[in-house]
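Structure, as structure tokens:
The values are calculated or read from the model by the stated rules, or taken from the named source; none is laboratory data. Bear in mind the structure is a predicted one, so any value in this text is a computation, not a measurement. Cβ placement follows ideal geometry from the backbone for every residue including glycine, while neighbour counts extend to all protein chains displayed. In case anyone asks, the SASA skips ligands and DNA or RNA and just uses the protein heavy atoms, side chains included. Shrake-Rupley method; radii C 1.70, N 1.55, O 1.52, S 1.80 Å.
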Amino acid sequence: AIISAGIFDSFEITGKASNQPTNVSVLVTGVSQAQIIFVSPISNQNPTELSYTDVSFSVHVYDPDGVSDLNDSSVKANFTRAGEPVRNNLTCTLVSDLNLNSANYSCAVKMWYFDGAGAWNVSVSASDLLGASATNDSTTFIYNQLKSIIISTENLGFSVAPGSINQTADNFTLINNTGNYNGTIFVTAY
């Protein structure tokens with residue numbers, strides 16, 4: 001018997017089973033490419049001092065061949081900005097099917113406290129079971145500036161003898177930038 005599973009898929013079952021039913025599973029993939037039809041707006045994001053901020057958003061992927069033709073593990077997102085490393089996630093998570101042809105995915109990308117302030121581009125990609133991929137890079141968001149430092153040992157101590165020159169301190173002060181502001185520190189000493 002020849003069983004047809006679609007335009008390009010066919011296989012043959014040979015032999016004869018005596019009084020036993022034969023179960024056949026067929027995966028039919030469509031010929032239309034998936035499309036990313038919606039990327040939710042991302043509000044301005046604030047860095048978290050000395051840590052990261054999860055930037056979460058939703059993505060809707062459409063396939064005319066139905067949601068069963070979407071490759072859920074292929075939905076990915078990344079953030080880019082000139083002069084900065086790419087920030088990406090490993091995969092977005094399927095939330096639910098919206099209808100017979102569209103699915104909703106939740107994506108989250110970690111932004112670090114030292115990532116540059118300003119506009120970041122959002123790029124999302126997805127593919128169907130045949131591997132035909134789609135990309136949407138029409139969204140941007142603003143990563144706000146964080147001016148933040150930690151000062152340890154705020155007071156310097158000296159053991160100074162009369163007449164000594166260029167005596168170094170007994171301890172030191174460490175100033176650590178814990179935000180994404182690149183500026184100058186002015187020190188006044190008495």
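Key figures
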read-out: Order by protection proxy (mean Cβ within 10 Å, highest first), peptides 162-171, 176-185, 135-144; value: 135-144, 176-185, 162-171
read-out: Karplus (6.51, -1.76, 1.60) ³J(HN,Hα), θ = phi - 60°, over the stretch 36-43, in Hz, Gly and Pro reported as x; value: 8, 9, 7, 10, 5, x, 10, 6
read-out: Stokes-Einstein translational diffusion, the stretch 104-156 - Kirkwood Rh over all Cα pairs, 0.890 mPa s, 25 °C, in µm²/s; value: 165 µm²/s
read-out: Per residue accessible area of the stretch 63-133, 1.4 Å probe, in Å²; value: 47 Å²
read-out: Percent accessible area from carbon and sulfur atoms, the stretch 120-190, protein chains only, probe 1.4 Å; value: 51 percent
read-out: The stretch 96-190 pair-distance distribution - Cα-Cα, 10 Å bins, rounded %; value: 11, 24, 19, 15, 12, 9, 6, 3, 1
read-out: Whole-number percent relative contact order across the stretch 54-119, with pairs defined as alpha carbons under 8 Å at least 6 apart; value: 41 percent
read-out: Three principal axis lengths of the stretch 26-148 [C-alpha, angstrom, descending]; value: 58, 25, 20
